[in-house]
Amino acid sequence: MARTLNVGMIGYKFMGRAHSNAWLKADKFFDLKARPVMKIICGRDRAGVSAAAYRWGWEKFETDWREVVHDATIDIIDINTPNDTHAEIAIAAAKAGKAILCEKPLALDVKQAQTMADAVKKAGVVHMVCHNYRRIPAIVLAKRMIEAGDLGTIYHYRARYAQDWIVDPNFPLVWRLQSKISGSGTHGDICAHIIDLGRYLVGEFSEVAGQMETFIKERPLPGEPSKKGKVTVDDAVMFIGRFKSGALANLEATRFALGRKNGVQIEINGSKGSLVFDLEDMNHLKYYDEADPADRRGFRDILVTQGGGVHPYVGNWWPPGHIIGYEHTFVHTIADFINAVVDKRSVQPTFVDGLANQIVLDAVEKSAKTRKWIKLGK
């Protein structure tokens, strides 16, 4: 593999770790059209980013993202920063002619997302939003089954994303709880994932009606526990809706579900069958087939680990039954992205997908404020 692509990654903490691992592993397990070179990692804290560079094997580090974007040797910009910086960095990267991978949610609002989508279209650069759950083998299998008509006409999409990491009222007012930085709270952070999966698996939303709640209104300031600041985002969100196909949607996301660390449960019901997926059991997909003999009907448990092209992605890892985990979804994402960059072709989910997700996010928020149904597009 003679060709290489130099990567500049901006952001180095939680998602920076997940992406660093993926850049490091992608060409070790997948036969890629180019080898990624971990050239520059960037972060505002010099000590933190230098430690990350050393740990993960980045060749050098920077503390100003502009130095990375305008470096002529860099081919790819990977954005893992807080949400309020996505647009500025991505637009600059597009103007510089770089391929762009950006963490979700794409932007703070629809206007910003539209500007980003316009910028990459004008520049003609390969771009992608990192919705890594689209590349869980069981989710891709579900997509194939739905497209093959195995579920028939889709009636219901039910999804719940539940965590519990901010239940403690003494948990500090981190950036994810400040709307100026994050845009929204639980809604944009994790509800965005199940909105994106709904669009991926079922189709586009046509209308939504939602409610949002902030259970703890004030929290201690980081580093100053005796002082408190206002929480300006949602702690939980629920909405119902309808897809353009006529299927009904029921989505919930919360960070206040004690005992749920990173639970994503999805159920899709159709005229011929149903599918059930649980992220905390991500190597399995449950399938009910109405065509089974009456005395043998029930949800069958599909272990999605068969290689040889039977199940997506997993043949690049271990023998059947040797399960994969969360980090592998990022490797799958990076592998697909690298090949798309070499081929100069579109790779989903694009910034247009990020914009479509943001339109749903904003509509739910508007509905919660007005207590009215909100229609999306035509």
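The values are calculated or read from the model by the stated rules, or taken from the named source; none is laboratory data. Values in this document were obtained by computation on a predicted structure and should not be read as measured data. Neighbour counts run over all protein chains shown; Cβ positions are idealised from the backbone, glycine included. For the accessible areas, the whole protein counts, side chains as well, though only heavy atoms, and no ligand, DNA or RNA atoms are used. Shrake-Rupley method; radii C 1.70, N 1.55, O 1.52, S 1.80 Å.
Tabulated values for the structure
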item: Square roots of five times the Cα gyration tensor eigenvalues for the chain, Å; result: 32, 28, 20
item: For the chain, share of DSSP beta bridges that run antiparallel, in % to the nearest 5; result: 60 percent
item: Spacing of the two label points (7 Å from each Cα toward its C-beta) at LYS13 and LEU221, in nm; result: 1.8 nm
item: Accessible-area composition of the stretch 1-101, carbon plus sulfur, in percent [1.4 Å probe]; result: 48 percent
item: Cut-off 18 Å, label 7 Å out along Cα→Cβ of ALA51, residues of the stretch 217-242 by amide N; result: 223
item: Prolate/oblate/rounded label for the stretch 205-251 (Cα gyration tensor, a/c 1.5); result: prolate
item: Zone of LYS28's modelled label, taken as backbone nitrogen in the stretch 317-345 under 14 Å from a point 7 Å along Cα→Cβ; result: 317-318, 327-328, 331-332
item: Theoretical gain in end-to-end length, LYS180 to HIS70 [0.36 nm per residue, Cα-Cα removed]; result: 36.9 nm
item: Fraction of accessible area attributable to carbon and sulfur, the stretch 109-261 (%, probe 1.4 Å); result: 52 percent
item: Probe 1.4 Å, accessible area per residue of the chain, Å²; result: 45 Å²
item: Label-reachable residues, the stretch 101-136, where backbone N falls under 14 Å from a point 7 Å from TRP318's Cα toward its Cβ; result: none
item: Cut-off 13 Å between beta-carbons: net charge of the residues surrounding ALA148, Lys and Arg +1, Asp and Glu -1; result: 0
item: The stretch 116-158: C-alpha gyration tensor shape, a/c 1.5 cut-off, then a/b vs b/c; result: prolate
item: Relative contact order, percent, the stretch 84-138 [alpha-carbon distance under 8 Å, six or more residues apart]; result: 42 percent
item: Loop-located GluC sites (Glu not before Pro) in the stretch 1-100, at most 12 other Cβ atoms within 10 Å (DSSP); result: GLU59
item: Normalised contact order of the stretch 171-247, rounded percent, pairs of Cα under 8 Å and 6 or more residues apart; result: 41 percent
item: Label-point separation, ARG44 to LYS111 (7 Å along Cα→Cβ), nm; result: 2.3 nm
item: Shape of the stretch 268-378, Cα gyration tensor, a/c cut at 1.5; result: oblate
item: Between the stretch 291-352 and the stretch 128-147, the Cα center-to-center distance that results, in Å; result: 7 Å
item: Separation in nanometres of the label points that stand 7 Å from Cα toward Cβ, at ASP292 and SER346; result: 3.8 nm
item: Segment LYS375-PHE171, length gained on full extension (0.36 nm per residue, minus Cα span); result: 69.8 nm
item: Mean Cβ count within 10 Å, highest first, over the residues of peptides 315-327, 102-114; result: 102-114, 315-327
item: Simple Cβ-charge dipole of the chain, Lys/Arg +1 and Asp/Glu -1, about Cα centre, in debye nearest 20; result: 580 debye
item: Estimated 222 nm signal from helices in the chain, with DSSP H stretches of n ≥ 4 weighted -39500 (n - 2.57), rounded to 500; result: -9500 deg cm²/dmol
item: Note, ³J(HN,Hα) from phi for the stretch 271-284, Karplus 6.51, -1.76, 1.60, rounded to Hz, x at Gly and Pro; result: 6, 10, x, 9, 10, 9, 9, 9, 4, 6, 9, 6, 8, 10
item: Computed lengthening from ASP118 to LYS228, 0.36 nm per intervening residue step minus Cα-Cα distance; result: 35.6 nm
